[in-house]
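Read through the structure below, which is laid out as structure tokens, and then see the notes.
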Amino acid sequence: MIMTRSYYPIFADLTGRRCVVIGGGPVAQRKVTTLLGYGAQVIVVSPTVTPQLSALARRGRITYRTRRFRPADLAGAWLVYAATGDERVNRRVEQAATRACVFANIVDQTARCTFIAPSIFRRGQVTIAVSTGGVSPSLSKHVRRDLARTIGAEYARMLQLLGRLRGAAKQRLPDYQDRGRYFDELMTGQTFRLIRAGKTQHARQVATQLLMQYARRVRR
């Protein structure tokens, strides 16, 4: 997930998007790993790269241009990270991104970024973004670790169940508020407790029975 400086998410899926990382060190490697996790087409531009990035290039996971940055590297790009540690190169990337209307993140230079990448926590399809507005990535990571201790795999299992019930709930409960009350009760009642206990099949049965109860109330 990428966020603008006003902190509204502009997308959570980068599948097929061309994303450019300028630099080949450990910071650039972390950015590449994140982008690949969201399905991006990643281009790395740097005279040298880490062994891990070199391995990704050999396997065809990324495109590696073994040279210094050129403005033309941003052609067709959705976003760019400048992670070189060289202020002159970072400035050139920033200027080129502005001209090309490409979202740019100048690492450790929040005021010069047009997007901020929050710390991401995932449990299955449940995704939580933590941002400090670029002030303290360390705090974001700390909060993410706290979330990892609090938000367990049961949330991913519950989301799968809710997804399976969504179509039936729309059909049987046409009113949005009725559906909202139904799904709220699933989260606060027996269904989620069963999910937490690992009794997924039983939870599905209880949720289906509850849906029938709600549907009968609506028909009255």
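Since every read-out is calculated from the coordinates, none of them should be taken as a lab result. Everything numeric here is computed off the predicted structure, so don't read it as measured data. For neighbour counting, all protein chains shown are included, and Cβ atoms are generated from backbone atoms with ideal geometry for every residue, glycine included.
For the peptides 71-81, 116-126, the ranking by packing is 71-81, 116-126, with the highest mean count of neighbouring Cβ atoms within 10 Å listed first.
Among C101, C19, the order by Cβ neighbours within 10 angstrom, fewest to most, reads C101, C19. Ordering R18, R68, R219 by the number of other Cβ atoms within 10 Å of each residue's own Cβ, fewest first, gives R219, R68, R18. Extension gain for A197 to S54 (0.36 nm times residue separation, less C-alpha to C-alpha distance): 47.1 nm. With axes computed from alpha carbons, what is the tilt in degrees of helix 26-37 against the longest principal axis of the chain, rounded to the nearest 10 within 0 to 90? It is inclined by approximately 40 degrees. Note on the chain: helix-only mean residue ellipticity at 222 nm, from DSSP H runs of 4+ residues weighted -39500 (n - 2.57) and normalised by residue number, equals -15500 deg cm²/dmol. What is the helix-to-structure angle for 87-100, meaning the angle in degrees between its Cα long axis and the longest Cα principal axis of the chain, kept from 0 to 90 and rounded to the nearest 10? For 87-100 against the chain, the angle is about 60 degrees. In summary, the lysines within cross-link reach of K31, defined as a Cα separation below 25 angstrom excluding same-chain residues under 8 places away, comprise K141. Label positions at D184 and T208, each projected 7 Å from the Cα along the C-beta direction, are separated by 2.7 nm.
For segment 70-175, what does the relative contact order come out to in percent, with C-alpha contacts under 8 Å and a separation of six or more? Computed value for segment 70-175: 17 percent relative contact order. More than 21 Å apart: what percent of Cα pairs in the chain qualify? Percentage above 21 Å: 63. Label-to-label distance for F115 and T66 is 3.0 nm, based on points extended 7 Å past Cα in the beta-carbon direction. Computed over the chain, relative contact order equals 14 percent, with contacts defined as Cα pairs under 8 Å that lie 6+ residues apart.
Each peptide in 32-43, 196-207 receives the mean, over its residues, of other Cβ atoms within 10 Å, and ordering these scores from highest gives 32-43, 196-207. The long axis of helix 153-172 is offset from the longest Cα principal axis of the chain by roughly 60 degrees. Here the relative contact order of segment 153-219, from alpha carbon pairs under 8 Å that lie six or more residues apart, stands at 39 percent.
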